[in-house]
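Everything on this sheet refers to the single structure shown next.
Here, each number is a calculation from the coordinates, and none is a lab measurement. The shown structure was predicted, so the numbers you read here are calculated from the model rather than taken from an experiment. Cβ coordinates were reconstructed from backbone atoms using ideal geometry, including for glycine residues, and neighbour counts include every protein chain displayed.
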Amino acid sequence: MQRLAGKVAIVTGAAQGIGATLARGLAAEGAKIVIADVTDGAGTAQDIVRDNGSAIYVKTDVASPDEVQAMVDRTVAEFGTVDILLNNAAIFAKLGNKKFQDISSAEFDAVMAVNVRGPFECAKAVSPIMIARGAGKIINISSGTVFKGVPNLLHYVSSKGAIVAMTRCLARELGEHNINVNAIAPGLTMSDGVLNQSDWTETYIEANKNSRAFKRRQVPGDLLGTVVFLSSGDSDFMTGQTLVVDGGNVMH
Ligand SMILES: NC(=O)c1ccc[n+]([C@@H]2O[C@H](COP(=O)([O-])OP(=O)(O)OC[C@H]3O[C@@H](n4cnc5c(N)ncnc54)[C@H](O)[C@@H]3O)[C@@H](O)[C@H]2O)c1
């Protein structure tokens, strides 16, 4: 039985990587998918349609409130409503590693605009629809780096720490409307972005793997079960939480 039959899910940053895998997985559970990405996500949408699902790609910069509102309007025009918002888009792998003194103010602001303000803009735009229906699921992608204080990525790790805080604030404000807001903190995951990033050497990836309870590399599909759970009625009495999904690396 499909657990999300008929639900409408917006997945940001689903042109590639973790977002693309999660969009396909939510579609396999019966959800209609909107892929919101600055990069062309038509391929992900075509994969879903080819597998008898429903999906559209809407070019969206999550840091633009106008583009986010237009994307949500298009979602409603196409599929009637929004049940699930998966805030996955972020600037991550392309940042590479650098000491915090070498991060420019402009790069710091650019990371915050996409990684923190982006999920805020998306939550803000879907909230009237979810409030009117008295139901909704918002899932924010944070990162295990928050709990480890991983060095040489200060802007990124700080942005993902803000996501944990934002998840709690949204959960408190939207609770009276029966809207669940939770976060997932993945470990180092072999997404397209990570696989194309040369700063993370084999040695680094192996060391990360060996610091897990389950000693293997994490792949995007490892996050799907948790995302489906947080999208479904099984998590209806759970909100404001951050679930670490990393094979037992960070334990908090
Ligand atoms: N891969 C990991 O190791 C890892 C670990 C923890 C958390 N995460 C988080 O998981 C999520 C996905 O990461 P990934 O590794 O798949 O990344 P990725 O770089 O492979 O994909 C990111 C996607 O986000 C899109 N995007 C970037 N800026 C955008 C914007 N302004 N508006 C709309 N879309 C935008 C990109 O075009 C891309 O399709 C991110 O939130 C990341 O921080 C990743």
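Give me the net charge for the shell around residue 187: Cβ to Cβ below 14 angstrom, other residues only, Lys and Arg +1, Asp and Glu -1. Before the final figure, lay out each step's value.
Values: positive: 148, 160, 209, 212, 215, 216, 217; negative: 206, 222, 246.
The answer is +4.
Local charge sum around residue 220 (other residues, Cβ-Cβ under 10 Å, Lys/Arg +1, Asp/Glu -1)?
On the way: positive: 24; negative: 192, 222.
Result for the local shell: -1.
Most exposed first by the Cβ proxy, i.e. fewest other Cβ within 10 Å, how do 47, 109 rank? Walk me through the numbers before you get to the answer.
Values: 47 15, 109 11.
In increasing order of surrounding Cβ atoms, one gets 109, 47.
At a Cα cut-off below 23 Å, give the lysines reachable from residue 7, other chains included and same-chain residues fewer than 8 away excluded.
Here the lysines satisfying the reach criterion relative to residue 7 are 32, 59, 124, 137.
Expressed as a fraction of 2.2 N^0.38 Å, the rule-of-thumb size for a compact globular protein of N residues, what is the C-alpha radius of gyration of the chain? It would help to have the intermediate numbers written out before the result.
Values: Rg = 17.1 Å, N = 252, 2.2 N^0.38 = 18.0 Å.
The reported ratio for this selection is 0.95.
Under 18 Å from the 7 Å Cα→Cβ point of residue 39, by amide nitrogen: which residues of segment 1-29?
11-25
Using 0.36 nm per residue of separation minus the Cα-Cα distance, give me the extension gain between residue 97 and residue 131 in nm, one decimal. Let's see the in-between values first.
Working: separation 34, 0.36 × 34 = 12.24 nm, distance 4.06 nm.
Once the chain is fully extended between residue 97 and residue 131, it gains 8.2 nm.
Is the C-alpha gyration tensor of segment 29-150 telling us rounded, prolate or oblate? Criteria: a/c under 1.5 is rounded; beyond that, a/b larger than b/c is prolate, otherwise oblate.
Details: a/c = 2.02, a/b = 1.68, b/c = 1.20.
Prolate, because a/c is 1.5 or more and a/b exceeds b/c.
Which order do the peptides 214-222, 97-105 come out in when sorted by mean C-beta neighbours inside 10 angstrom, highest first?
Values: 214-222: 15.4, 97-105: 11.1.
Output ranking for 214-222, 97-105: 214-222, 97-105.
Report the net charge of residues surrounding residue 27, where surrounding means a beta-carbon distance below 14 angstrom and charges are Lys +1, Arg +1, Asp -1, Glu -1. Walk me through the intermediate numbers first.
On the way: positive: 3, 7, 24, 32, 50; negative: 29, 47, 51, 83.
Net local charge, residue 27 excluded: +1.
Quick check on packing: order 176-187, 1-12, 228-239 by the mean number of other C-beta atoms within 10 Å, highest mean leading. Don't jump to the answer; show the numbers that get you there.
Details: 176-187: 21.6, 1-12: 19.8, 228-239: 16.4.
For the peptides 176-187, 1-12, 228-239, the packing ranking is 176-187, 1-12, 228-239.
Could you name the lysines whose alpha carbon sits less than 18 Å from that of residue 94, not counting residues in the same chain fewer than 8 places away?
Here the lysines satisfying the reach criterion relative to residue 94 are 160.
If you stretched the chain out fully between residue 219 and residue 190, how much longer would it get, using 0.36 nm times the residue separation minus the C-alpha to C-alpha distance?
Numbers: separation 29, 0.36 × 29 = 10.44 nm, distance 0.51 nm.
Working it through step by step, the gained length comes to 9.9 nm.
When the Cα atoms of segment 1-69 are enclosed in a convex hull and the volume is divided per residue, what value in Å³ results? Don't jump to the answer; show the numbers that get you there.
Details: hull volume 4.9 nm³, N = 69.
Convex hull of Cα atoms, per residue: 72 Å³.
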